[in-house]
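Everything below concerns the one structure shown next.
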Amino acid sequence: MNLQRLDKIIANQLNIPRSVARKHIRWGKVSVDGKTLRDPSLQISPESEIEYKGESVVYKEHIYIVMNKPKGVLSASEDKKRKTVVDLVAEPIRRSGLAPVGRLDKDTTGLLIITDDGDFAHNVISPKKNVMKTYEVLLDGDITEQMILGFKEGVVLADGTKCRSAELKRIDKNKAEIKISEGKYHQIKRMFGTVGLGVCELKRTALGGFKIPKELNEGESRELSQDEISAIFEDC
Ligand code: URA
């Protein structure tokens, strides 16, 4: 693994500003492989045994977080005025460089992955990877058999963009589950717009084979396990 500055490792792993990490290092609160190091600029292997105030600092190159996104929050890393999903990430797991994997509209709720691993994010979003996105949708009109067939064939949006085949399953007269393998801008709202229906509620419930954890209330977030990360790339 690449060497990194000691203050960067400490700041990242403890979720504290670099300036504070430097102070702690100078005060002798950090040891590496059993030796107290007081120079914040030292280049260290992140695999070394690093301790802060005698407690082991477990190095993680990247962090993968699942959030149950509430309404009214922007899918962005930062915004001058409005609250973003990264602002909502639970304090102990928040760190710099976090960004949502793809976007949910401000009024969409449900499963959102947040990470500082850009390659991973790209793999989840890329249509080439075929990661299915499952949503529950409440509409302002009834779903017909014709719509189900039309969605399966591939909807052509108002601007002429052709969508891939989508699986539409009726749950109730005006409630459905829909699975799509791409993520065009406002895709689901625009797809239903072509059949004259408006979307009243939209919730993402799964990404690939990973379903939104039942215990996660709206606005809550937690780290993903390795099995959960793998499930994203499995079939639903
Ligand atoms: N499609 C939409 O229209 N909105 C979302 O937030 C996600 C998919």
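Quick notes
- Within region 175-199, restricting attention to residues that are touching a residue at least 60 places away in the same chain (Cβ under 8 Å) and under 27 Å from His122 (Cβ atoms), the residue that is surrounded by the fewest Cβ atoms within 10 Å (Cβ to Cβ) is His186.
- Residue match in region 36-43 (condition: part of a loop (DSSP other than H, G, I, E, B), on the phi < 0 side of the Ramachandran plot and free of Cβ contacts under 8 Å to residues at least 12 places away in the same chain): no
- Any pair with Cβ under 9 angstrom, 6 or more apart, that starts in region 105-118 at a residue that is closer than 14 Å to Ala76 by Cβ and ends at one that is of a type in the set (Ser, Thr, Tyr) and within 15 Å of the ligand (Cβ to nearest atom): Asp105/Ser75; Lys106/Ser75; Thr108/Ser75; Thr108/Tyr135; Leu112/Ser75
- Residue match in region 175-191 (condition: modelled with pLDDT of 95 or more, more than 16 Å from the ligand (Cβ to nearest atom) and outside any strand (DSSP E or B)): no
- Of the residues making up region 89-130, those that are in a helix (DSSP H, G or I) and over 10 Å from the mean Cα position of the chain (by Cα) number 12.
- Selection of region 30-70 for residues being of a type in the set (D, E, K, R) and touching a Lys or Arg at 6+ places or on another chain (Cβ under 7 Å) yields Arg38, Lys53.
- Residues that are of a type in the set (Lys, Arg), surrounded by fewer than 16 Cβ atoms within 10 Å (Cβ to Cβ) and within 13 Å of the ligand (Cβ to nearest atom), drawn from region 67-107: Lys71, Lys106
- Unique match (being closer than 13 Å to Glu220 by Cα, at pLDDT below 95 and touching an Asp or Glu at 6+ places or on another chain (Cβ under 7 Å)) among Ile93, Ile65: Ile93
- Every residue from region 134-167 that is hydrophobic (A, V, I, L, M, F, W, C), touching a strand residue (DSSP E or B) at 6+ places or on another chain (Cβ under 8 Å), assigned to a helix (DSSP H, G or I) and more than 15 Å from the ligand (Cβ to nearest atom): Met147, Ile148
- Tally of residues being in contact with a Ser or Thr (Cβ under 6 Å, 6 or more places away or on another chain) and basic (Lys, Arg) across region 143-180: 3
The values are calculated or read from the model by the stated rules, or taken from the named source; none is laboratory data. No experiment lies behind these values; they were computed from the predicted model shown. Reconstructed Cβ throughout: ideal geometry from the backbone, glycine too, with neighbour counts over all protein chains shown.
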